[in-house]
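Right, one structure below, let's go through it.
The values are calculated or read from the model by the stated rules, or taken from the named source; none is laboratory data. Bear in mind that the values here come from a model prediction, so they are computed numbers and not experimental data. Every residue, glycine as well, gets a Cβ built from its backbone with ideal geometry; the counts of neighbours run over all protein chains shown.
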Amino acid sequence: MRTVINRSGWNATPPQKPFTVRRRTNGIVLHHSGVRKAQPGPAQIKSFEQYHMRVRGWRGIAYNWLVDADGVVYEGRGRGAVGGATRGWNSQTISICYTGWGSGEVPERALDSIAGLISSIQSQYGNRLWVKGHRDLASTSCPGTTLYHWMQSGMELKQDSSPEIDWVALRNYIDALGRKVALKPLSRRRRSRGQAVRLVQRHLNGLGFECGPVDGVYGRMTVDGVKAYQRSVGLKPDGVVGKHTWSRMFL
Ligand SMILES: [Zn+2]
């Protein structure tokens with residue numbers, strides 16, 4: 001069984017400035033932390049974040065996703081944000097980091113989760129993304145020889161790779177909500193409430209566009225978060241989630 005821990009689950013620090021929203025996605029880049037004696041678990045994810053934010057001065061942890069030696073998947077900047085791990089390629093790629101040392105022995109559980117995560121992401125993008133190692137794009141040994149060769153040889157899985165999250169069902173669910181939103185946009189004026197509002201709040205909070213508590217109530221903070229998001233992606237900042245804003249967020 002694969003466990004996915006979201007940003008609040010490992011106590012991520014909200015970015016001081018919202019993450020940049022990725023406008024196109026062409027590939028997936030695999031990294032390792034390069035730490036030889038890495039301890040799996042959320043404390044390590046937090047320490048990477050603190051290093052990236054305090055020492056490097058970045059807005060948050062560099063990676064979109066991380067996988068530890070126990071095969072636990074962590075949401076880094078998550079699905080929609082531009083990462084900071086692959087210089088020159090961040091605006092068009094999703095980065096995944098194995099939190100251990102990719103040149104030694106990599107546990108089967110970790111490989112299984114990396115492969116499962118990659119196939120989940122691929123299924124969201126119609127299986128059209130390329131998958132490369134960091135060393136294909138820069139002069140670095142990252143993600144380490146073991147991981148790199150495993151990736152090159154087709155990411156053979158020994159265990160059942162059925163994903164924890166049913167991405168197809170999730171997609172259908174988001175599309176169904178999107179059809180309702182297209183007919184009846186979400187706004188403060190309409191006093192919108194419910195699951196679609198909750199989804200917007202969680203998504204924008206994750207990106208750093210603060211909407212307040214994820215309570216499913218379209219209040220003033222949600223309006224402000226939506227406006228800031230709309231400005232950052234070049235949409236008219238009216239604070240209303242209609243068809244265009246919704247599809248910009250979730251497609
Ligand atoms: Zn790397």
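For the range 8-36, a residue qualifies if it is away from the ligand (no atom under 16 Å from the Cβ) and either in contact with a Leu (Cβ under 6 Å, 6 or more places away or on another chain) or not assigned by TED's automatic domain parsing to the domain that holds Gly144 (or both), and the qualifying residues are Pro18, Phe19. Can you tell which of Ser123, Ser141 is in contact with a helix residue (DSSP H, G or I) (Cβ under 9 Å, 6 or more places away or on another chain), among the small types (Gly, Ala, Ser) and not in a helix (DSSP H, G or I)? After applying the criteria, what remains is Ser141.
If I filter the range 113-125 for residues that are within 13 Å of the ligand (Cβ to nearest atom), buried (at least 21 other Cβ atoms within 10 Å of the Cβ) and either closer than 14 Å to His32 by Cα or modelled with pLDDT of 95 or more (or both), do I get at least one hit? No - not one qualifying residue is present in the range 113-125.
Taking the residues in the range 52-102 that are without any contact (Cβ under 8 Å) to a residue 60 or more places away in the chain and among the polar types (S, T, N, Q) as candidates, determine which candidate is nearest to Gln16 (Cα to Cα). For the range 52-102, the residue satisfying everything is Asn64.
Considering (1) more than 11 Å from the ligand (Cβ to nearest atom); (2) in contact with a Gly (Cβ under 9 Å, 6 or more places away or on another chain); (3) not in a helix (DSSP H, G or I), the lone condition that Glu105 does not fulfil carries the number (2). Scanning the range 220-250 for residues that are free of Cβ contacts under 8 Å to residues at least 60 places away in the same chain, in a loop (DSSP other than H, G, I, E, B) and among the hydrophobic types (A, V, I, L, M, F, W, C) yields Leu235, Val240. Do you know which residues across the range 20-65 are closer than 27 Å to Arg128 by Cβ and assigned to a helix (DSSP H, G or I)? Hits for the range 20-65: nothing passes. Quick one: count up the residues across the range 78-96 that are away from the ligand (no atom under 15 Å from the Cβ) and either more than 24 Å from Arg248 (Cα to Cα) or under 8 Å from the mean Cα position of the chain (by Cα) (or both). Here the count works out to 4. Has the range 207-217 got at least one residue that is assigned to a strand (DSSP E or B) and outside the structural domain of Ile61 (by TED's automatic domain parsing)? Among the residues of the range 207-217, at least one is assigned to a strand (DSSP E or B) and outside the structural domain of Ile61 (by TED's automatic domain parsing), which makes the answer yes.
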